[in-house]
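Chemist: First the structure, then my questions, so here it is.
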Amino acid sequence: MYNPLLQIGGSALACPDVTRRRLLKSMMFVTAALALPALPPDAVAAPLSADQKTTLFRLARDIYPHEGFLDDTPYQAVVDAIIVEAEGSPAVADLLSKGLADLEERSQRIYKTNYTAIPKPEEREGVLRSIELTDFFQKIKGGLLMGLYNNKELWPKFGYDGSSWETGGFIDKGFDKIDWF
């Protein structure tokens, strides 16, 4: 085992427990800890207001619109899951709070109204296109992607029969059977 000697005030002290690997490992953890944002130990995410929750729901319906095809239940389930995640994570709560504020600010600047009050879906889409590269939008879009399209209960509505690799792949059962596209 490698035993480095430390020079302290001209005298050498043996450190039997210090190895190069342990030293590098410790330095890596210290560096990682210093890179984390400092949060007070009692930091609690502020809950979203009713208006923010309504905006989040409208946003979810606008990102993946299936009007007249899917009811509100699957969208609400995704929004609720994101809200629960935000309640347990100050970082996610901050992302939602700032993202919703940015969305409302853009809506006010462009249409002089709140996002949910913009009457035309095409106009709301224009506002969404202005934020589509933000972390906030990607967070909501990712939650919806998994919450809607990876939901086995919704697969029949989309005309998807499920995984096919177990049965040897898709056999032409009529790919034109979906009527919603």
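Chemist: So residue 125 fits all but one of (1) among the charged types (D, E, K, R); (2) surrounded by fewer than 14 Cβ atoms within 10 Å (Cβ to Cβ); (3) assigned to a helix (DSSP H, G or I); what number is the exception?
Modeler: Status for residue 125: all satisfied but (2).
Chemist: Residue 92 - would you say it is free of Cβ contacts under 8 Å to residues at least 60 places away in the same chain and either of a type outside the set (Asp, Glu) or over 30 Å from residue 162 (Cβ atoms) (or both)?
Modeler: Answer is yes for this residue.
Chemist: Next up: Let me confirm something: among 51, 80, 102, 62, which residue is acidic (Asp, Glu), touching a Pro at 6+ places or on another chain (Cβ under 9 Å) and assigned to a helix (DSSP H, G or I)?
Modeler: Answer to the selection: 62.
Yes or no, residue by residue, for (1) polar (S, T, N, Q); (2) touching a His at 6+ places or on another chain (Cβ under 8 Å); (3) at pLDDT below 90:
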| site | (1), (2), (3) |
| --- | --- |
| 120 | no, no, no |
| 128 | no, no, no |
| 134 | yes, no, no |
| 150 | yes, no, no |
| 153 | no, no, no |
| 163 | yes, no, yes |
| 176 | no, no, yes |
| 179 | no, no, yes |
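Chemist: How about the stretch 99-115: which of its residues are exposed (fewer than 15 other Cβ atoms within 10 Å of the Cβ), touching a residue at least 12 places away in the same chain (Cβ under 8 Å) and closer than 14 Å to residue 51 by Cα?
Modeler: Within the stretch 99-115, no residue meets the criteria.
Chemist: Which one of the conditions (1) surrounded by 12 or more Cβ atoms within 10 Å (Cβ to Cβ); (2) at pLDDT 95 or above does residue 19 fail to meet, given that it meets all the rest?
Modeler: Residue 19 satisfies every listed condition except (2).
The values are calculated or read from the model by the stated rules, or taken from the named source; none is laboratory data. Predicted model only: the values in this text are computed from it and were never measured. Because the Cβ atoms are built from the backbone with ideal geometry, glycine has one as well, and the counts that use them run over all protein chains shown.
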